[in-house]
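This is the structure I want to talk about, given as C-alpha coordinates.
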Amino acid sequence: MDIYYINLIRYFNLYHGLTIPKGIEKLKALISDRNNKIILSAVWEIWPHEKILAALEILGVTPNQDNVVLLLDVYSYSEPNHWTEVNTILYDSLLCRVHKSENPEFGPNLDNDKVLFKLGTPYKKQRIFTLYELYQQNALDKCEWSLHYESHLEDAVRCHLPNMSDDEYQKFITTVTKNIDAVSPEFGISTTNFYPIAFNPTAEIYANTAVSLVTETTFHPELYWFITEKTWKAINNFHPFVLLDHKRTYEYLHSLGIDTFQYAMKHPYETLVGPEEDVIRMCVDNVLHLLSNKDLYREELTKSVINNKKVFTDLANMYNSKVNPYIEDLIWNHSLQKVSVDHSVEVYEKLWGKYGAVGED
(Lines give C-alpha, C1' and ligand atoms only; values in the text may rest on other atoms or scores of the structure.)
Protein backbone atom coordinates (compact mmCIF):
# COMPACT_ATOMS: atom_id res chain seq x y z
CA MET A 1 0.00 0.00 0.00
CA ASP A 2 1.31 3.44 -0.99
CA ILE A 3 0.02 6.71 0.45
CA TYR A 4 0.25 9.98 -1.50
CA TYR A 5 -0.45 13.55 -0.43
CA ILE A 6 -1.57 16.44 -2.66
CA ASN A 7 -2.27 20.03 -1.62
CA LEU A 8 -5.18 20.99 -3.90
CA ILE A 9 -4.72 24.72 -3.39
CA ARG A 10 -1.18 24.71 -4.69
CA TYR A 11 -1.51 21.84 -7.16
CA PHE A 12 -4.33 23.59 -9.03
CA ASN A 13 -3.11 27.11 -8.21
CA LEU A 14 -6.49 27.99 -6.68
CA TYR A 15 -5.03 31.28 -5.49
CA HIS A 16 -5.48 32.48 -9.09
CA GLY A 17 -8.45 30.60 -10.47
CA LEU A 18 -7.94 26.97 -11.42
CA THR A 19 -4.98 25.81 -13.53
CA ILE A 20 -4.62 22.29 -14.96
CA PRO A 21 -1.09 21.22 -13.95
CA LYS A 22 1.35 19.20 -16.01
CA GLY A 23 1.48 15.54 -15.13
CA ILE A 24 -2.16 15.39 -14.12
CA GLU A 25 -2.74 12.12 -16.00
CA LYS A 26 -0.14 10.42 -13.81
CA LEU A 27 -1.89 11.70 -10.71
CA LYS A 28 -5.30 10.59 -11.97
CA ALA A 29 -3.87 7.11 -12.54
CA LEU A 30 -2.56 7.02 -8.96
CA ILE A 31 -5.98 8.02 -7.65
CA SER A 32 -7.88 5.50 -9.76
CA ASP A 33 -5.70 2.65 -8.47
CA ARG A 34 -7.55 1.53 -5.33
CA ASN A 35 -4.31 0.03 -3.98
CA ASN A 36 -3.10 3.60 -3.37
CA LYS A 37 -4.33 5.78 -0.53
CA ILE A 38 -4.66 9.45 -1.44
CA ILE A 39 -4.69 12.39 0.98
CA LEU A 40 -5.96 15.66 -0.55
CA SER A 41 -5.96 18.91 1.42
CA ALA A 42 -7.30 22.43 1.15
CA VAL A 43 -6.07 24.49 4.07
CA TRP A 44 -5.55 27.97 5.55
CA GLU A 45 -8.22 30.00 3.75
CA ILE A 46 -11.82 29.29 2.85
CA TRP A 47 -12.03 28.48 -0.85
CA PRO A 48 -15.34 28.42 -2.72
CA HIS A 49 -16.45 24.82 -2.51
CA GLU A 50 -17.27 24.93 -6.23
CA LYS A 51 -13.51 25.17 -6.89
CA ILE A 52 -12.77 22.24 -4.62
CA LEU A 53 -15.48 20.12 -6.25
CA ALA A 54 -14.24 21.12 -9.72
CA ALA A 55 -10.71 20.03 -8.81
CA LEU A 56 -12.01 16.70 -7.51
CA GLU A 57 -14.01 16.16 -10.70
CA ILE A 58 -10.93 16.85 -12.82
CA LEU A 59 -9.00 14.27 -10.79
CA GLY A 60 -11.81 11.74 -11.22
CA VAL A 61 -12.55 11.56 -7.48
CA THR A 62 -16.07 10.35 -6.73
CA PRO A 63 -18.06 11.01 -3.53
CA ASN A 64 -17.15 8.55 -0.75
CA GLN A 65 -14.32 7.06 -2.80
CA ASP A 66 -12.84 4.61 -0.33
CA ASN A 67 -9.16 5.26 -1.08
CA VAL A 68 -9.36 9.09 -0.90
CA VAL A 69 -9.62 11.41 2.08
CA LEU A 70 -10.02 15.17 1.82
CA LEU A 71 -8.57 17.15 4.73
CA LEU A 72 -10.30 20.52 4.90
CA ASP A 73 -9.21 23.10 7.44
CA VAL A 74 -12.79 24.35 7.60
CA TYR A 75 -14.37 23.08 10.80
CA SER A 76 -14.93 26.62 12.08
CA TYR A 77 -15.16 28.19 8.64
CA SER A 78 -18.13 26.68 6.89
CA GLU A 79 -21.27 24.67 7.42
CA PRO A 80 -20.39 20.97 7.24
CA ASN A 81 -23.28 20.31 4.86
CA HIS A 82 -21.41 22.30 2.19
CA TRP A 83 -19.00 19.37 1.97
CA THR A 84 -21.20 16.29 2.28
CA GLU A 85 -20.64 15.45 -1.39
CA VAL A 86 -17.05 14.46 -0.73
CA ASN A 87 -15.21 12.07 1.57
CA THR A 88 -14.11 14.57 4.21
CA ILE A 89 -12.47 14.99 7.58
CA LEU A 90 -13.18 18.43 9.02
CA TYR A 91 -10.15 19.68 10.92
CA ASP A 92 -9.39 23.10 12.38
CA SER A 93 -5.60 23.11 12.34
CA LEU A 94 -5.41 26.84 13.07
CA LEU A 95 -7.10 26.29 16.42
CA CYS A 96 -4.75 23.41 17.16
CA ARG A 97 -1.64 25.33 16.13
CA VAL A 98 -2.58 28.21 18.45
CA HIS A 99 -3.19 25.70 21.24
CA LYS A 100 0.16 23.94 20.71
CA SER A 101 2.33 27.01 20.18
CA GLU A 102 1.01 29.28 22.91
CA ASN A 103 0.47 28.51 26.57
CA PRO A 104 -0.03 31.83 28.36
CA GLU A 105 1.06 31.70 31.99
CA PHE A 106 -1.12 34.62 33.00
CA GLY A 107 -4.86 34.47 33.61
CA PRO A 108 -7.62 37.05 33.18
CA ASN A 109 -6.23 40.58 33.50
CA LEU A 110 -8.77 43.42 33.43
CA ASP A 111 -6.58 46.02 35.13
CA ASN A 112 -5.21 47.38 31.84
CA ASP A 113 -7.02 50.12 29.94
CA LYS A 114 -6.35 49.29 26.30
CA VAL A 115 -8.15 47.56 23.45
CA LEU A 116 -5.99 45.22 21.38
CA PHE A 117 -7.18 45.74 17.80
CA LYS A 118 -6.41 42.64 15.72
CA LEU A 119 -6.07 44.44 12.42
CA GLY A 120 -4.52 42.11 9.86
CA THR A 121 -4.26 43.05 6.21
CA PRO A 122 -5.50 46.65 5.79
CA TYR A 123 -6.77 46.40 2.22
CA LYS A 124 -9.92 44.64 3.42
CA LYS A 125 -12.64 47.19 4.00
CA GLN A 126 -13.81 45.83 7.36
CA ARG A 127 -10.32 46.47 8.76
CA ILE A 128 -9.30 49.85 7.43
CA PHE A 129 -12.80 51.24 7.96
CA THR A 130 -12.78 50.03 11.57
CA LEU A 131 -9.47 51.80 12.14
CA TYR A 132 -10.92 54.90 10.50
CA GLU A 133 -13.96 54.75 12.78
CA LEU A 134 -11.71 54.60 15.87
CA TYR A 135 -9.77 57.53 14.41
CA GLN A 136 -12.99 59.50 13.86
CA GLN A 137 -14.09 58.88 17.45
CA ASN A 138 -10.70 60.03 18.82
CA ALA A 139 -10.35 56.59 20.40
CA LEU A 140 -6.91 55.61 19.09
CA ASP A 141 -5.33 56.43 22.45
CA LYS A 142 -7.42 53.61 23.93
CA CYS A 143 -6.10 51.03 21.45
CA GLU A 144 -3.00 49.07 20.53
CA TRP A 145 -2.50 47.77 16.99
CA SER A 146 0.06 47.27 14.25
CA LEU A 147 -0.48 48.50 10.71
CA HIS A 148 2.17 47.68 8.13
CA TYR A 149 1.28 50.05 5.31
CA GLU A 150 3.26 49.80 2.09
CA SER A 151 3.02 51.97 -1.01
CA HIS A 152 1.86 49.16 -3.28
CA LEU A 153 -1.24 48.80 -1.09
CA GLU A 154 -2.40 52.38 -1.47
CA ASP A 155 -4.99 51.86 -4.21
CA ALA A 156 -6.41 48.79 -2.47
CA VAL A 157 -6.78 50.69 0.83
CA ARG A 158 -7.68 54.12 -0.51
CA CYS A 159 -10.76 52.85 -2.38
CA HIS A 160 -12.47 52.01 0.94
CA LEU A 161 -12.34 55.64 2.11
CA PRO A 162 -13.61 57.52 -0.95
CA ASN A 163 -14.98 60.54 0.93
CA MET A 164 -11.61 61.64 2.29
CA SER A 165 -9.52 64.21 0.47
CA ASP A 166 -5.98 63.20 -0.44
CA ASP A 167 -4.59 65.38 2.34
CA GLU A 168 -6.99 63.91 4.89
CA TYR A 169 -6.12 60.40 3.76
CA GLN A 170 -2.38 60.96 4.06
CA LYS A 171 -2.82 62.44 7.53
CA PHE A 172 -4.90 59.44 8.56
CA ILE A 173 -2.42 56.89 7.22
CA THR A 174 0.51 58.69 8.84
CA THR A 175 -1.33 58.69 12.16
CA VAL A 176 -2.32 55.01 12.16
CA THR A 177 0.82 53.40 10.75
CA LYS A 178 2.61 51.82 13.70
CA ASN A 179 4.21 48.57 14.81
CA ILE A 180 3.91 47.82 18.52
CA ASP A 181 6.00 44.66 18.46
CA ALA A 182 8.82 46.24 16.42
CA VAL A 183 9.04 43.32 14.00
CA SER A 184 9.38 43.87 10.28
CA PRO A 185 6.76 42.01 8.24
CA GLU A 186 9.38 40.88 5.73
CA PHE A 187 10.67 38.31 8.22
CA GLY A 188 7.47 36.35 7.71
CA ILE A 189 5.72 33.70 9.71
CA SER A 190 8.69 32.85 11.94
CA THR A 191 8.19 36.18 13.71
CA THR A 192 5.09 37.63 15.35
CA ASN A 193 3.82 38.74 11.94
CA PHE A 194 2.19 36.48 9.38
CA TYR A 195 3.73 37.50 6.05
CA PRO A 196 3.35 40.01 4.56
CA ILE A 197 1.52 42.50 6.78
CA ALA A 198 -0.93 40.86 9.15
CA PHE A 199 -0.37 41.44 12.86
CA ASN A 200 -0.03 38.39 15.08
CA PRO A 201 0.36 39.64 18.68
CA THR A 202 2.36 37.81 21.30
CA ALA A 203 1.06 36.60 24.65
CA GLU A 204 2.84 39.55 26.29
CA ILE A 205 0.86 42.01 24.19
CA TYR A 206 -2.38 40.34 25.24
CA ALA A 207 -1.24 40.47 28.86
CA ASN A 208 -0.68 44.23 28.60
CA THR A 209 -4.13 44.95 27.13
CA ALA A 210 -7.60 44.28 28.53
CA VAL A 211 -9.98 43.39 25.69
CA SER A 212 -9.76 42.53 21.99
CA LEU A 213 -11.43 43.87 18.87
CA VAL A 214 -11.11 41.12 16.27
CA THR A 215 -11.53 41.63 12.53
CA GLU A 216 -11.72 38.23 10.90
CA THR A 217 -10.54 37.27 7.42
CA THR A 218 -14.01 37.51 5.91
CA PHE A 219 -17.03 39.67 6.57
CA HIS A 220 -20.19 38.26 5.05
CA PRO A 221 -23.68 38.51 6.52
CA GLU A 222 -25.28 35.22 5.53
CA LEU A 223 -23.07 32.93 3.42
CA TYR A 224 -20.85 31.45 6.14
CA TRP A 225 -19.11 32.09 9.41
CA PHE A 226 -15.34 32.27 9.51
CA ILE A 227 -13.21 31.77 12.62
CA THR A 228 -9.40 31.73 12.44
CA GLU A 229 -6.44 32.15 14.76
CA LYS A 230 -7.42 35.81 15.17
CA THR A 231 -10.39 34.86 17.33
CA TRP A 232 -8.80 31.78 18.89
CA LYS A 233 -5.79 33.80 20.09
CA ALA A 234 -8.03 36.24 21.98
CA ILE A 235 -9.82 33.30 23.62
CA ASN A 236 -6.58 31.45 24.38
CA ASN A 237 -5.16 34.59 26.02
CA PHE A 238 -8.13 35.19 28.36
CA HIS A 239 -9.41 38.28 26.53
CA PRO A 240 -13.00 39.46 26.48
CA PHE A 241 -13.54 40.30 22.82
CA VAL A 242 -15.81 41.93 20.30
CA LEU A 243 -15.82 40.10 16.99
CA LEU A 244 -16.38 42.43 14.08
CA ASP A 245 -18.84 40.29 12.20
CA HIS A 246 -22.50 39.64 11.58
CA LYS A 247 -24.82 37.85 13.98
CA ARG A 248 -24.47 34.44 12.33
CA THR A 249 -20.84 34.13 13.42
CA TYR A 250 -21.87 34.94 16.98
CA GLU A 251 -24.53 32.23 16.80
CA TYR A 252 -21.91 29.73 15.70
CA LEU A 253 -19.62 30.64 18.61
CA HIS A 254 -22.55 30.26 21.00
CA SER A 255 -23.21 26.78 19.58
CA LEU A 256 -19.66 25.80 20.61
CA GLY A 257 -20.22 27.08 24.14
CA ILE A 258 -18.19 30.29 23.69
CA ASP A 259 -19.46 33.29 25.67
CA THR A 260 -19.51 36.52 23.63
CA PHE A 261 -20.11 38.85 26.61
CA GLN A 262 -23.54 40.03 25.51
CA TYR A 263 -24.30 41.28 29.03
CA ALA A 264 -21.61 43.95 28.50
CA MET A 265 -22.54 44.98 24.95
CA LYS A 266 -24.23 48.19 23.87
CA HIS A 267 -25.60 46.55 20.72
CA PRO A 268 -26.73 42.89 21.13
CA TYR A 269 -25.45 40.48 18.49
CA GLU A 270 -28.97 40.09 17.06
CA THR A 271 -28.79 43.73 15.90
CA LEU A 272 -25.58 43.23 13.90
CA VAL A 273 -27.37 43.29 10.58
CA GLY A 274 -27.53 45.71 7.68
CA PRO A 275 -24.87 47.58 5.70
CA GLU A 276 -21.24 46.76 6.47
CA GLU A 277 -20.37 50.24 7.69
CA ASP A 278 -23.30 50.24 10.14
CA VAL A 279 -22.25 46.89 11.59
CA ILE A 280 -18.67 48.14 11.96
CA ARG A 281 -19.84 51.24 13.84
CA MET A 282 -21.92 49.10 16.20
CA CYS A 283 -18.96 46.80 16.89
CA VAL A 284 -16.68 49.77 17.60
CA ASP A 285 -19.33 51.12 19.99
CA ASN A 286 -19.43 47.71 21.65
CA VAL A 287 -15.71 47.40 22.27
CA LEU A 288 -15.40 50.94 23.63
CA HIS A 289 -18.42 50.32 25.85
CA LEU A 290 -16.85 47.05 27.03
CA LEU A 291 -13.58 48.78 27.86
CA SER A 292 -15.31 51.59 29.76
CA ASN A 293 -17.48 49.21 31.79
CA LYS A 294 -15.09 46.30 32.40
CA ASP A 295 -14.88 47.06 36.12
CA LEU A 296 -18.66 47.00 36.39
CA TYR A 297 -18.72 43.53 34.81
CA ARG A 298 -15.42 42.29 36.22
CA GLU A 299 -16.82 39.19 37.92
CA GLU A 300 -18.89 38.11 34.91
CA LEU A 301 -16.06 38.81 32.46
CA THR A 302 -13.61 36.79 34.52
CA LYS A 303 -15.95 33.80 34.59
CA SER A 304 -16.60 34.12 30.85
CA VAL A 305 -12.96 34.19 29.74
CA ILE A 306 -12.14 31.20 31.96
CA ASN A 307 -15.08 29.31 30.42
CA ASN A 308 -13.96 30.25 26.90
CA LYS A 309 -10.42 29.08 27.57
CA LYS A 310 -11.75 25.71 28.71
CA VAL A 311 -14.00 25.35 25.65
CA PHE A 312 -11.06 26.25 23.40
CA THR A 313 -8.77 23.73 25.11
CA ASP A 314 -11.38 20.97 24.92
CA LEU A 315 -11.93 21.65 21.20
CA ALA A 316 -8.19 21.55 20.50
CA ASN A 317 -7.81 18.29 22.40
CA MET A 318 -10.71 16.80 20.46
CA TYR A 319 -9.26 17.79 17.08
CA ASN A 320 -5.78 16.64 18.05
CA SER A 321 -7.14 13.23 19.05
CA LYS A 322 -8.63 12.76 15.58
CA VAL A 323 -5.75 13.76 13.30
CA ASN A 324 -2.32 12.21 13.29
CA PRO A 325 0.45 14.75 14.10
CA TYR A 326 2.38 13.54 11.06
CA ILE A 327 -0.60 14.42 8.89
CA GLU A 328 -0.88 17.84 10.57
CA ASP A 329 2.68 18.61 9.50
CA LEU A 330 2.12 17.06 6.11
CA ILE A 331 -0.85 19.24 5.15
CA TRP A 332 1.25 22.40 5.49
CA ASN A 333 3.68 21.23 2.80
CA HIS A 334 3.39 22.44 -0.77
CA SER A 335 3.75 19.63 -3.26
CA LEU A 336 2.68 16.20 -4.44
CA GLN A 337 4.68 13.69 -2.45
CA LYS A 338 4.70 10.08 -1.38
CA VAL A 339 4.19 9.60 2.35
CA SER A 340 7.16 8.02 4.10
CA VAL A 341 6.95 4.24 4.42
CA ASP A 342 7.80 4.67 8.10
CA HIS A 343 4.44 6.36 8.64
CA SER A 344 2.24 4.37 6.26
CA VAL A 345 0.68 1.98 8.78
CA GLU A 346 0.15 4.75 11.34
CA VAL A 347 -1.46 7.04 8.78
CA TYR A 348 -3.63 4.25 7.42
CA GLU A 349 -4.97 3.32 10.85
CA LYS A 350 -5.65 6.95 11.72
CA LEU A 351 -7.48 7.95 8.54
CA TRP A 352 -9.06 4.73 7.30
CA GLY A 353 -9.00 2.03 9.94
CA LYS A 354 -9.19 3.15 13.53
CA TYR A 355 -12.06 5.60 13.12
CA GLY A 356 -14.08 3.73 10.52
CA ALA A 357 -15.25 5.28 7.27
CA VAL A 358 -13.85 8.73 6.68
CA GLY A 359 -16.44 11.44 7.12
CA GLU A 360 -18.56 9.52 9.61
CA ASP A 361 -19.01 10.94 13.11
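The values are calculated or read from the model by the stated rules, or taken from the named source; none is laboratory data. This is a predicted model, so every value here is computed, not measured. Quick reminder, even Gly has a Cβ in these numbers, built from the backbone with ideal geometry, and neighbours come from all protein chains shown.
Go through the range 263-280 and count every residue that is under 22 Å from the mean Cα position of the chain (by Cα) and at pLDDT 95 or above.
0
State which residue is surrounded by the fewest Cβ atoms within 10 Å (Cβ to Cβ) when the search covers only the range 268-318 and only residues that are of a type in the set (F, W, Y) and farther than 19 Å from L244 by Cα.
Within the range 268-318, the match that is surrounded by the fewest Cβ atoms within 10 Å (Cβ to Cβ) is Y297.
Among the residues of the range 37-48, is any in a helix (DSSP H, G or I) and modelled with pLDDT of 80 or more?
No, the range 37-48 has no match at all.
Can you tell which of N103, N109 is of a type outside the set (S, T, Y) and without any contact (Cβ under 8 Å) to a residue 40 or more places away in the chain?
N103
Identify all residues within the range 151-170 that are surrounded by 10 or more Cβ atoms within 10 Å (Cβ to Cβ), more than 14 Å from Q126 (Cα to Cα) and at pLDDT below 95; write none if there are none.
L153, E154, M164, Y169, Q170 - these are the residues of the range 151-170 that are surrounded by 10 or more Cβ atoms within 10 Å (Cβ to Cβ), more than 14 Å from Q126 (Cα to Cα) and at pLDDT below 95.
A follow-up question, please. Has the range 331-340 got any residue that is surrounded by 19 or more Cβ atoms within 10 Å (Cβ to Cβ) and modelled with pLDDT under 75?
For the range 331-340, residues surrounded by 19 or more Cβ atoms within 10 Å (Cβ to Cβ) and modelled with pLDDT under 75: present.
Quick check: is even one residue across the range 192-203 modelled with pLDDT of 85 or more, hydroxyl-bearing (S, T, Y) and under 16 Å from the mean Cα position of the chain (by Cα)?
No, the range 192-203 contains no residue that is modelled with pLDDT of 85 or more, hydroxyl-bearing (S, T, Y) and under 16 Å from the mean Cα position of the chain (by Cα).
I've got another one for you. Among the residues in the range 22-33, are any of a type in the set (S, T, N, Q) and either within 24 Å of S321 (Cβ to Cβ) or modelled with pLDDT under 80 (or both)?
No, there is no match, as no residue in the range 22-33 is of a type in the set (S, T, N, Q) and either within 24 Å of S321 (Cβ to Cβ) or modelled with pLDDT under 80 (or both).
Next up: Answer yes or no: is there a residue in the range 212-231 that is part of a loop (DSSP other than H, G, I, E, B), more than 19 Å from I128 (Cβ to Cβ) and modelled with pLDDT of 95 or more.
Among the residues of the range 212-231, not one is part of a loop (DSSP other than H, G, I, E, B), more than 19 Å from I128 (Cβ to Cβ) and modelled with pLDDT of 95 or more, which makes the answer no.
A follow-up question, please. When the residues of the range 248-265 are filtered to those that are of a type in the set (D, E, K, R) and surrounded by 16 or more Cβ atoms within 10 Å (Cβ to Cβ), which remaining residue is nearest to F117 (Cα to Cα)?
D259
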